Protein chains: 2
Amino acid sequence: MDLTSRPPRADASRNRNHLLATARTMLTDHGPDRITMDALADCSGLGKGTVFRHFGTRSGIFQALLDDNERAFQEGVLSGPPPLGPGASPRERLIAYGQARIRFLLEHHDIARAALDGRQPAPAGSATPLSRIHIRMLLTQLDLGPVDLDLLAIQLTAALDGPLLLYLSKSELDATTCPTEQRLTTGWQNLIHRICHP
Amino acid sequence: MDLTSRPPRADASRNRNHLLATARTMLTDHGPDRITMDALADCSGLGKGTVFRHFGTRSGIFQALLDDNERAFQEGVLSGPPPLGPGASPRERLIAYGQARIRFLLEHHDIARAALDGRQPAPAGSATPLSRIHIRMLLTQLDLGPVDLDLLAIQLTAALDGPLLLYLSKSELDATTCPTEQRLTTGWQNLIHRICHP
DNA sequence: GCAGTAAACGGACTTCACCCCGCTTACATT
DNA sequence: AATGTAAGCGGGGTGAAGTCCGTTTACTGC
């Protein structure tokens with residue numbers, strides 16, 4: 001498959017893991033704002049250039065952390081038990097996927113937000129493509145007449161991620177007065193029902 | 001109404017206008033990337049502190065430019081002829097609003113993108129609130145049973161703005177092979193039909 | 001006009017993301 | 001083991017965002 005590219009050097013992957021671990025420690029200790037390229041370099045005892053080599057940009061750090069967290073989530077989507085995994089109807093899976101993603105994004109909210117990059121076109125390194133592709137796939141199975149499925153998938157991805165990542169501030173999401181997660185999940189379910197029914 | 005706050009000082013509003021005019025010139029001459037706080041200060045002959053006083057952040061400049069452009073658009077929405085303005089059915093108005101906003105965002109794409117701020121919760125200073133509130137208002141008139149209208153309005157706002165501002169790259173939007181505006185407009189219309197029908 | 005004051009101005013200063021490039025080191029080959 | 005080399009490492013350098021605070025200036029009441 002990749003005969004051209006060689007496996008990463010031992011010190012490289014060791015340093016990468018060490019950087020991610022250090023970043024997690026800093027995150028739980030002081031929150032995302034205090035994670036700067038210099039600070040991460042200092043705390044890990046490595047050079048600044050090394051940090052950039054591994055993550056490219058500041059938000060790249062958070063994208064890597066998010067990727068890490070997302071592995072289990074992806075597993076559940078691709079080969080876990082229904083309705084999230086294969087086996088249920090596409091509509092059920094779509095609803096379950098939204099619910100799972102809402103939970104995931106709420107749980108890792110600070111990382112997900114920090115992974116956004118103003119200059120980048122699409123949010124969240126490899127995270128969002130999964131959403132888009134998976135939703136696209138489930139829509140195909142739904143047999144909605146002659147529709148621009150690519151665009152609909154993007155619209156639904158935006159409707160799912162947008163509120164959590166862009167439109168609702170942290171204080172609004174933390175509002176314990178109304179159960180946010182429940183509200184978002186129900187809203188998503190409602191949206192899918194309306195999309196599917198006619 | 002605002003007895004507490006006094007009108008802005010003459011020099012302040014003069015400088016503000018001058019800064020916006022300078023920013024527009026720089027924008028058409030060199031594109032958005034070359035607009036930095038220092039550059040704008042130098043080109044306008046004012047101090048950097050003044051630029052920050054007026055716009056707060058770099059993206060604030062673009063938000064102000066967008067606000068400026070949006071005045072005519074808002075006028076059309078609030079008191080122009082139907083179906084964009086009042087007079088048509090809420091469903092027609094919702095579709096017309098989407099179409100108008102898509103056109104607006106495509107026309108001012110570079111400004112709108114630059115107005116996004118990674119660290120800020122909601123995109124586009126006062127622009128998006130209008131979308132959200134207007135959509136919310138039209139949804140109310142639609143008599144969709146017992147639905148969380150606030151959330152639905154946010155979801156639809158995200159579905160409308162997201163593709164243009166976040167998910168589609170500039171090259172994808174410029175694709176002259178398929179008429180992007182037509183595609184987006186049709187997609188929005190389809191979405192609204194599905195939301196409304198049942 | 002004139003003094004008082006709150007707002008606006010300006011630019012030096014700090015911090016941070018990101019670049020660059022000479023140096024070092026892991027791995028392959030013999 | 002010795003050697004070649006490409007990948008990885010390090011940290012000083014640069015440009016731009018955003019802060020601070022002393023100075024200046026437009027308005028207010030006399």
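The values are calculated or read from the model by the stated rules, or taken from the named source; none is laboratory data. Keep in mind the model is a prediction, meaning the values are calculated, not measured. Counting neighbours? That spans all protein chains shown, and the Cβs are built from the backbone with ideal geometry, glycine included. Ligands, DNA and RNA are stripped out before the accessible areas are found, and what is left, the full protein with its side chains, is counted by its heavy atoms. Shrake-Rupley method; radii C 1.70, N 1.55, O 1.52, S 1.80 Å.
In whole angstrom, note down how far apart the Cα centers of region B:1-69 and region A:35-114 are.
About 38 Å separates the Cα centre of region B:1-69 from the one of region A:35-114.
Which value at 222 nm does chain A reach when only helices count, each DSSP H run of 4 or more adding -39,500 (n - 2.57), with the total divided by all residues and rounded to the nearest 500 deg cm²/dmol?
-21500 deg cm²/dmol
May I ask you to give the average projected area over all directions of the convex hull of the Cα atoms of the protein assembly as shown, in nm² rounded to one decimal?
Mean orientational projected area (the protein assembly as shown, Cα hull): 24.7 nm².
Please give the length that would be gained between B:GLU75 and B:GLN189 if that part of the chain were fully extended, namely 0.36 nm times their separation in residues minus their C-alpha to C-alpha distance (nm, one decimal).
Using 0.36 nm per residue and subtracting the Cα-Cα distance, I get 38.8 nm.
On alpha-carbon atoms, Rg over Rh for region A:58-196 using Kirkwood Rh?
0.95
Tell me the Kirkwood hydrodynamic radius of region A:10-56 in angstroms, computed as one over the mean inverse distance between distinct C-alpha pairs. Please report the intermediate quantities before stating the final value.
Numbers: mean 1/r = 0.0953 Å⁻¹.
Taking every pair of different Cα atoms in region A:10-56, averaging 1/r and inverting gives 10.5 Å.
Can you tell me which of A:137-145, A:158-166, B:50-58 comes out highest on packing, and rank the rest after it, using the mean Cβ neighbours within 10 Å?
Peptide ranking by packing, descending: A:158-166, B:50-58, A:137-145.
Which sequence of A:HIS30, A:HIS197, A:HIS109 reflects their accessible areas, 1.4 Å probe, from the largest down?
Greatest to least solvent exposure: A:HIS197, A:HIS30, A:HIS109.
With every protein chain left in place, what is the accessible area of A:CYS196 in Å² (1.4 Å probe, nearest 10)?
Answer for A:CYS196: close to 20 Å² accessible.
Summarise the partner chain shielding of B:141-153 as one whole number: the mean count of Cβ atoms from other chains within 10 Å of each residue's Cβ.
Counting other chains' Cβ atoms within 10 Å and averaging over B:141-153 gives 3.
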